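The values are calculated or read from the model by the stated rules, or taken from the named source; none is laboratory data. Computed from a prediction, not measured in an experiment: that's the story for all the values here. Cβ coordinates were reconstructed from backbone atoms using ideal geometry, including for glycine residues, and neighbour counts include every protein chain displayed. Quick note on the areas: whole protein, heavy atoms, side chains included, nothing else; ligands and nucleic acids left out. Shrake-Rupley method; radii C 1.70, N 1.55, O 1.52, S 1.80 Å.
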Amino acid sequence: MRNSSGNSFMQRSALLTLIMGAALLSAAARVSAAGDADAGKKLFPQCAACHAVGEGARHLYGPMLNGVTERPAASAEGYSYSDAMKRSVEEGLVWDDATLDAYLESPMSYISGTKMAFAGIPDEGQRQDMVAFLKRIATDGTGVVEEISQAEQADSSPVAEEEPRPLARDTVVPEHGVLHLGRAALPEEVAAWDIDIRPDGQGLPAGSGSVEAGVDIYDTQCAMCHGVFGEGEGRWPVLAGGFDSLTDERPEKTVGSYWPYLSTVFDYVRRAMPFGNARSLSDDEVYSLTAYLLYLNDLVDEEFTLSAGNFDAIAMPNVDHFIDDDRMEEPQYAAIEEPCMQDCLPGSAVVTQRARILDVTPDGGGDDDAAGGSID
Amino acid sequence: MASSNDKTIESGARRQALKNGLRVGALMGAAGGAGLTVSGRAAAEASPDPLITEVQDWNRFMGDGVDANPYGKPSVHESDAVRRTVSWLTAENKSSINFTPLHKLDGIITPNGLCFERHHGGVATIAPSDHRLMINGLVDTPLVFTMEDLQRFPRENHVYFLECAANSGMEWRGAQLNGCQFTHGMVHNVMYTGVKLKHLLAEAGVSPRGKWLLPEGADPSHMTRSIPMEKAMDDCMVVFKMNGEALRPEQGYPLRLVVPGWEGNMWVKWLRRLEVGDKPWHHREETSKYTDLLADGTARRFTWTMDVKSIITNPSPQAPILHGRGRTVVTGLAWSGHGTVSRVDVSIDGGRNWKTARLDGPSLSKSLHRFYHEFDWDGSELFLQSRAIDEKRQVQPSKEALRKARGTNSIYHNNGIQTWHIRPDGSAENVEVS
């Protein structure tokens, strides 16, 4: 069992230093063959959580990438680059096919200390596709979608010779059901889509994962949005801590403080995370991340390994604090009576609150940070 | 051809700008800068309206012929009737929300392009020929349907509102956003065409142990929610058309689930799978999210129904009164997940006295209702409120009553009565009053 979050900080910092210390600043002098920009576009969703492209693209966690290959490195206006990135530019970094390729292969190795906490693209062909895609995007954001000339459009739709239609009477009508519509689903098809898991463990796949293995996966796949300690960057969800905060003025609803079931963590990470690259993690990786989230919430120690076998032994702290819907028993609904029509309140109306004071309405020129509440 | 058209339009616009300039000048002279409070009659007496006395461009020069817009668009003068987002609500725009411009609409139907959007992983782009709907779990025969298969079931048409459970969620701690688009715009009302879920489930044969249904989306969030079988067998539908045309991509093209009267998050878009089970799944959107935290630290779960609610859409902060005192139309929307709205009351004095408004247009179960209240405004400040009562005789509560019962951290299901403060100059602000 870990003692304090301070302790955890020391461990994590040491670990990060190790990862970043292993820098291999070898500007690869590889010659990039022309990649396929459209193939690169298909790979881009894994970048989109942090980088925007296209018309009106803004800086997110990472800088917007319109015209990134046309501008000097680390020069996007309004973006706060890491010291490491600025230093690399001072030392002569210029983005070209070779340097982009080396950076995309392993950002944290190529520029130790970069904010780009991304594992990298191991496949050389995919990196070339990505570079080709980035080069296609102009400074004004055009080029995300390739513009097809009318002539090309005409060429690409040749009139196919029509085959004779099958006769309606030859159609095989299935026997199932009432209207005999649809077809039987094959077991492989059901297995491919049915990945849901319930609190009782139904649906858990075979496999296991340790806290230790979870560290690396979390740092490269999750930390850029959720923070190194699960504290959440910007408005991305906070994953750890918040214990005993549910009655506070600003409760912190985290995996540890709020989520009633561990199965929900596994199910959600496997179906929807990492944001922009869903379904890319192996089952063992999801077990590892789930174990690591338990660790970040002080619910297991660093030696812990999670598997289908010990899954139901983990009880989440807030499990007993959910109740079923009893809104109709609240006073304002329980007493069904004719509402008052005349002289319902004494005196004249007195304003107690004004939206204008906060001024967080869009286009109001106000301070967004003053706004309370989040719907995500 | 195209360039000569352009030239015509351009020179027409220039002539019009010139005329408008002259017109404004004439009116300024007549009205003497008295502004909005001058009645139309007084201005007309002072000088004839050039819009009437002079031949206008549109009276003389022909505009576009047929087919200028194979898919028609709103008038260029309606560019303000658009969805708007509130950027600080979410971390980025792939999992985010925007809002229906309720103050720009009338009647009960929301145009397809103005229905608010809520995505959890961007808008999935799916060719209908590539889409499949699977039914699996506790059924006799797990099935796969193509879109063509689904068109062969008996189709029905129903108008339903869809409201996000977080609609008005930013107002729990007090008045915050200035405009009904932002306070109440996570709602839309659409006529759907599709197939009752019970027909699809009957085709697969639901086991007697099947008490729950898990719909799942095909987008990168793979959205899932647990729905009790009674609701699934009652009025839920899978739909492919909205307001007569194919679903918009942002509304789940080519297939979405409709769960009438229940929170919008359950209306899974890009619907690809329905699993029958004997217990709920307690997935992320029904545990971490869409549970209502109460003041004592407990949280309600499975709070599905959207309670009785109403909002005055005009006047409102984005739609002030510009015509001065005299005859004034107050209008708005009312709805309830429990059925039809039987009555809406309007107060102009912050809830001291109420008058029953006029409901107009179709009164359909679990659909928006339109109400009007016409009165003579004396020009003094107003505190406008509306209060809906549904067929189950549930009365829309005050925000004060809701906070007393739940605290301020519920996020979801805020159906409290809204107050607009109308100042003597006709401008409006989101306020709370005691």
Segment B:377-397, subset under 18 Å from B:Val341 (Cβ atoms) and in a loop (DSSP other than H, G, I, E, B), residue most open to solvent (accessible area, probe 1.4 Å): B:Arg393
Is it true that A:Thr361 is within 28 Å of A:Gly234 (Cα to Cα), surrounded by 19 or more Cβ atoms within 10 Å (Cβ to Cβ), at pLDDT below 95 and hydroxyl-bearing (Ser, Thr, Tyr)? yes
Hits in segment B:339-376 (condition: assigned to a strand (DSSP E or B), polar (S, T, N, Q) and open to solvent by 20 Å² or more (accessible area, probe 1.4 Å)): B:Ser342, B:Thr356
In segment B:290-322, the residues that are among the aliphatic types (A, V, I, L, M) and assigned to a loop (DSSP other than H, G, I, E, B): B:Leu294, B:Ala295, B:Met306, B:Val308, B:Ile321, B:Leu322
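Suppose the filter is within 14 Å of chain A (Cβ to nearest Cβ) and more than 23 Å from the chain's Cα centre (by Cα); does B:Ala218 pass it?
Yes; evaluated as a whole, the condition is true for this residue.
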Could you tell me whether segment A:155-165 includes any residue that is more than 36 Å from the chain's Cα centre (by Cα), exposed (fewer than 10 other Cβ atoms within 10 Å of the Cβ) and modelled with pLDDT of 85 or more? yes
Based on this model, can you work out whether B:Gly194 counts as farther than 20 Å from B:Asp307 by Cβ and more than 10 Å from chain A (Cβ to nearest Cβ)? yes
Would you confirm, using the coordinates I've provided, whether B:Glu429 is of a type in the set (D, E, K, R), touching a helix residue (DSSP H, G or I) at 6+ places or on another chain (Cβ under 6 Å) and either crowded, with 22+ Cβ neighbours inside 10 Å or at negative phi (or both)? yes
So which of B:Asn93, B:Asn69 is in a loop (DSSP other than H, G, I, E, B), out of contact with any Pro (no Cβ under 6 Å at 6 or more places or on another chain) and at pLDDT below 90? B:Asn93
Here, helices (runs of 4 or more DSSP H) confined to segment B:156-268 with at least 1 residues that are within 30 Å of A:Glu175 (Cβ to Cβ) and open to solvent by 10 Å² or more (accessible area, probe 1.4 Å) are B:197-204, B:229-234
Scan segment B:352-365 and give yes if some residue there is without any contact (Cβ under 8 Å) to a residue 12 or more places away in the chain and either touching a Leu at 6+ places or on another chain (Cβ under 8 Å) or within 10 Å of chain A (Cβ to nearest Cβ) (or both), otherwise no. yes
Name every residue in segment A:70-87 that is under 22 Å from A:Met130 (Cα atoms) and open to solvent by less than 20 Å² (accessible area, probe 1.4 Å), in order of residue number. A:Ala73, A:Ala76, A:Met85
Could you go through segment A:194-217 and let me know if any residue there is out of contact with any Gly (no Cβ under 7 Å at 6 or more places or on another chain) and surrounded by fewer than 11 Cβ atoms within 10 Å (Cβ to Cβ). yes
Just the residues that are acidic (Asp, Glu) and touching a strand residue (DSSP E or B) at 6+ places or on another chain (Cβ under 7 Å), please, taken from segment B:143-187. B:Glu156, B:Glu163
Within segment A:169-218, the residues that are charged (D, E, K, R), assigned to a loop (DSSP other than H, G, I, E, B) and within 21 Å of the chain's Cα centre (by Cα) are A:Asp196
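For every residue, the table says whether it meets (1) assigned to a loop (DSSP other than H, G, I, E, B); (2) surrounded by fewer than 20 Cβ atoms within 10 Å (Cβ to Cβ); (3) more than 11 Å from chain B (Cβ to nearest Cβ).
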residue: A:Ala240; (1), (2), (3): yes, no, yes
residue: A:Phe243; (1), (2), (3): yes, yes, yes
residue: A:Leu246; (1), (2), (3): yes, no, no
residue: A:Glu249; (1), (2), (3): yes, yes, no
residue: A:Thr254; (1), (2), (3): yes, no, no
residue: A:Trp259; (1), (2), (3): yes, no, no
residue: A:Asp267; (1), (2), (3): no, no, no
residue: A:Asn277; (1), (2), (3): yes, yes, no
Within segment A:173-190, does at least one residue satisfy the condition of being among the basic types (Lys, Arg), free of Cβ contacts under 8 Å to residues at least 12 places away in the same chain and open to solvent by 50 Å² or more (accessible area, probe 1.4 Å)? yes
Which of the residues spanning segment B:248-268 are away from every other protein chain (no Cβ under 14 Å) and under 29 Å from B:Thr141 (Cα atoms)? B:Gly252, B:Tyr253, B:Pro254, B:Arg256, B:Leu257, B:Val258, B:Val259, B:Pro260, B:Trp267
Tell me the helices (runs of 4 or more DSSP H) entirely within segment A:44-114 that contain at least 1 residues that are out of contact with any helix residue (DSSP H, G or I) (no Cβ under 9 Å at 6 or more places or on another chain) and within 26 Å of A:Ser280 (Cα to Cα). A:45-48, A:107-110
